[in-house]
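Any read-out appearing in this document is the output of simple, stated calculations on the displayed coordinates, not a laboratory observation. Note that the structure is predicted; figures quoted are calculated from it, not measured. Glycine gets a Cβ as well: all are built from the backbone with ideal geometry, and neighbour counts include every protein chain shown.
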Amino acid sequence: MPFDLLITQGTAVTTDAVFRANVAVNGGKIAALLSPQDMPAAGQVIDAAGCYVLPGAVDAHVHLHMLTAAGIYSADDWCTGTRAAALGGVTSVVDFIQALPGQTLMEALHERVDDARDAVIDYGFHTTIHPDEAPIGGVNKRVSDYRIGEIRQAADAGCPTFKMYQAYSGLQVQDADLFRALRAIAEVNGLACVHAENGDVLQALRDAVTSPAELVNGLNHARTRPAIQEAEAVNRTIMCAELSGARVLIFHISCDLAGSVVAGAKGRGLTNVFGETCPQYLVFTDDKLARPDARLWMCAPPLRPQADLDALWRKLKTGVLDVVSSDHCPFTRAQKDLGAGDFRRVPNGMPGIETRLGLLYEYGVRAGKISLNDWVRVCSTRPAELHGLRSKGRLAPGYDADIVIFDPDSPRELSAAQLHSALDYSVCDGMTCAGWARDVLLRGRAIVQNGRHTGRAGDGQFLKRSF
Ligand code: URP
Ligand code: ZN
């Protein structure tokens, strides 16, 4: 019987091998990895000569159309955001549901699935656990028993990964609630994903910055969120996770000190602790925060000095850090300008949904810091495994035919004009990647061909995840 599709003459990259192969696809699934000489009949043939053939990238930390405490939305909606993702080689994203006051998590999930109806790639949702009286702004309160009780429901509905914040007024969970939630997450065999910064300490540091000259100085964004407060929060989370038995992924690790806490936990034999970092912490230093337009590079945790970047690459290579996600949270220049005179009012977050695979190839693989196998591991395979995307992340028979044909010799300028976020600037302006995603398949169907999006709004499906 002929295959639906055959991808010929490419170089397949998996977590443990790089080899010439023809990839056969049937019914939206990978059917076989064949030798380059094996050319069975197929309905369609794509020539991948000179290209790497990878499992579609999985970005398990994005914020599309996210409402902030200041009442503004992150700049990309599901249409622009997932289109940009697809054009960068991403075939699945995991975003967030966050219940409004008086809303159940299931109501929030239904609203969010409706919001995502135009997605062009597959998508899932982490469940945010926050003080349920004042989720957007307001003072920190407690997480109710009702909300903790919803953890099982959320897991059953396909959202078994739970975000908690240790910082941000209105979202910050107290230690008691972190621990209560972790116990409930352990009971459903879920995964906790924690924004680990010590919110009380960084608030005290920010409150002490008062003069107009200090408030306009972008470097104070990083000085008021020092590495040690991040590492403290990471340590507290890991200890609580150990006590509760829950699996925990520390989101967006930005510095050596915080990464070393994860390394220490893994070194003690803990198998329930994982670490994520993001491209911005691997390619940008805190020099960006000395610029007059520093606010375009403000995210939390903040950018760090070069020594931290070097350490994070090493920790990625050795597996201390498991995954790289974009934490895509774009704001337009006008939105960022809300904090023009006061860094504390800048909406935190940077774009990155489209550039992650290209940047990690350029600054990781080509720079000799990680291998091709590591690249696939941290961008596709481990994110899929860690977040319960059971049919994604591997170039192997039986898995969804989410496939990237990556041309290593296709230079791409990372200017706003070349990228597809709904932004009027690029944080990567002036940077070039030597290679880029040429074609992208979603469940066996081409959604990007020769660098152009050829899919349709609504191609994406909700991913009911489980462990
Ligand atoms: O600065 C960041 N990371 N913004 C996105 C929201 C979050 O904290 O993950
Ligand atoms: Zn985030």
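Just a few scattered comments:
- Cβ crowding within 10 Å averaged over residues, with 89-96, 430-437 ranked highest first: 89-96, 430-437
- Dipole magnitude of segment 57-386 about its Cα centre (Cβ charges: Lys, Arg +1; Asp, Glu -1), debye to nearest 20: 720
- Segment 164-294 - percent relative contact order, Cα under 8 Å, separation 6 or more: 27
- The phi torsions of segment 381-394, fed into the Karplus equation with coefficients 6.51, -1.76 and 1.60 and a -60° offset, translate into couplings of 6, 5, x, 5, 5, 5, 9, x, 8, 5, 9, 10, x, 9 Hz, rounded to whole numbers, with Gly and Pro shown as x.
- Highest mean packing comes first when the peptides 387-396, 208-217, 98-107 are listed by Cβ atoms within 10 Å, giving 387-396, 98-107, 208-217.
- Among His221, Gly170, Ser244 - extreme Cα towards positive end, dipole of segment 57-386, charges at beta-carbon: His221
- Among Gln449, Ala434, Leu463 the positive-end extreme of the charge dipole of segment 415-467 (Cβ point charges): Leu463
- Across the options Gln98, Trp78, Ser391, the greatest Cα extent toward the positive end of the charge dipole of the chain (unit charges at beta carbon of Lys, Arg, Asp, Glu) belongs to Ser391.
- Among 13-19, 401-407, the order from most to least packed when residues are scored by Cβ within 10 Å on average: 401-407, 13-19
- Other residues within the sphere of radius under 13 Å centred on the Cβ of Leu303, judged by their own Cβ, net out at +1 (K and R +1, D and E -1).
- Backbone HN-Hα couplings from phi across segment 52-60 [Karplus 6.51/-1.76/1.60, Hz, Gly and Pro as x]: 8, 10, 10, x, x, 6, 10, 10, 9
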